[in-house]
1. Kirkwood Rh over Cα pairs of the chain into Stokes-Einstein at 4 °C, 1.567 mPa s: D in µm²/s?
2. With each run of n ≥ 4 DSSP H residues scored as -39500 (n - 2.57), what mean residue ellipticity at 222 nm is computed for the chain after dividing by its residue count and rounding to the nearest 500 deg cm²/dmol?
3. If packing is taken as the average number of other Cβ atoms within 10 Å across a peptide's residues, how do 160-173, 74-87 rank, most packed first?
4. Explain nothing, just the number: relative contact order of the chain, from Cα pairs under 8 Å at least 6 residues apart, as a whole percent.
5. Which number do you get for Rg(Cα) / (2.2 N^0.38 Å) in segment 33-79?
6. Gain in length, Val7 to Val168, computed as 0.36 nm per residue apart minus the alpha-carbon separation, to one decimal in nm?
7. Determine the dipole magnitude for the chain: charges of +1 sit on the beta-carbon of Lys and Arg, -1 on that of Asp and Glu, nothing else is charged, the reference point is the Cα centre, and the result goes in debye to the nearest 20.
8. Roughly how large, in nm² to one decimal, is the mean projection of the convex hull of the alpha-carbon atoms in segment 135-200?
Amino acid sequence: NEVRNLVSECHQLNEAVMVADSDQSDQNKTADLVAAGVRQATAARNVLRQMESDEILVHTQRSNRLEQLRDVNIVATASTAAIGIIGGFVAVYLLSRSTVRRVQWIGDDAERLAAGLPLEGKGLGRDEIGRVNQQLKATSALLAARTNALRDSEARLQAILDNTSSIVFVKDLKGRFTMANVQFERIFGLQREDILGRDV
């Protein structure tokens with residue numbers, strides 16, 4: 001508005017100079033009007049320069065702020081990426097640690113099964129590892145049932161062999177005794193525990 005007013009005053013002075021110049025009656029009045037016009041033009045020019053200076057200052061401040069925001073954005077993006085990567089590594093570590101621990105439990109149960117010991121009742125979930133553990137437990141139960149049936153069958157066979165009057169013994173392919181009856185012990189004067197697993 002200030003510039004508009006100054007420009008408007010300059011136009012008015014310019015018109016007054018033109019009227020006074022055409023009148024040529026008062027040279028001093030024309031000179032005064034020209035001087036006033038120059039002052040008004042100079043004032044308008046100074047106001048425009050100040051406005052330009054203010055605009056440059058505002059533009060510089062905005063540019064600096066934009067650079068600061070860009071730097072903050074870069075730091076925030078890098079931080080977010082780093083947190084994401086670290087979080088991913090932590091998740092993979094925890095998942096693999098949990099999986100390794102569960103697989104170790106299955107290995108321990110397999111060793112117990114091989115040793116003929118009862119399995120520990122650890123619940124390992126419903127995923128693949130959990131299903132393997134369930135199958136191992138089912139195999140253990142089946143093996144225990146079959147082992148008991150085999151022991152019962154061996155006890156019945158031993159009872160039948162012990163009640164016969166003939167000497168009965170069994171050897172494996174390497175010639176080691178695997179079974180002998182009571183009549184064998186009486187005739188040869190040996191205890192079964194002394195000959196089982198040994199050859200002649």
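1. 45 µm²/s
2. -28500 deg cm²/dmol
3. 160-173, 74-87
4. 9 percent
5. 2.12
6. On the way: separation 161, 0.36 × 161 = 57.96 nm, distance 13.61 nm.
Taking 0.36 nm per residue and subtracting the Cα distance, the gain is 44.3 nm.
7. Working: 25 positive and 26 negative charges, 392 e Å.
Dipole about the Cα centre, nearest 20: 1880 debye.
8. So the Cα hull casts an average projection of 5.6 nm².
Values in this text are rule-based calculations from the coordinates and carry no lab data. The shown structure was predicted, so the numbers you read here are calculated from the model rather than taken from an experiment. Positions of Cβ are generated from backbone atoms using ideal geometry, with glycine treated the same way; all protein chains shown enter the neighbour counts.
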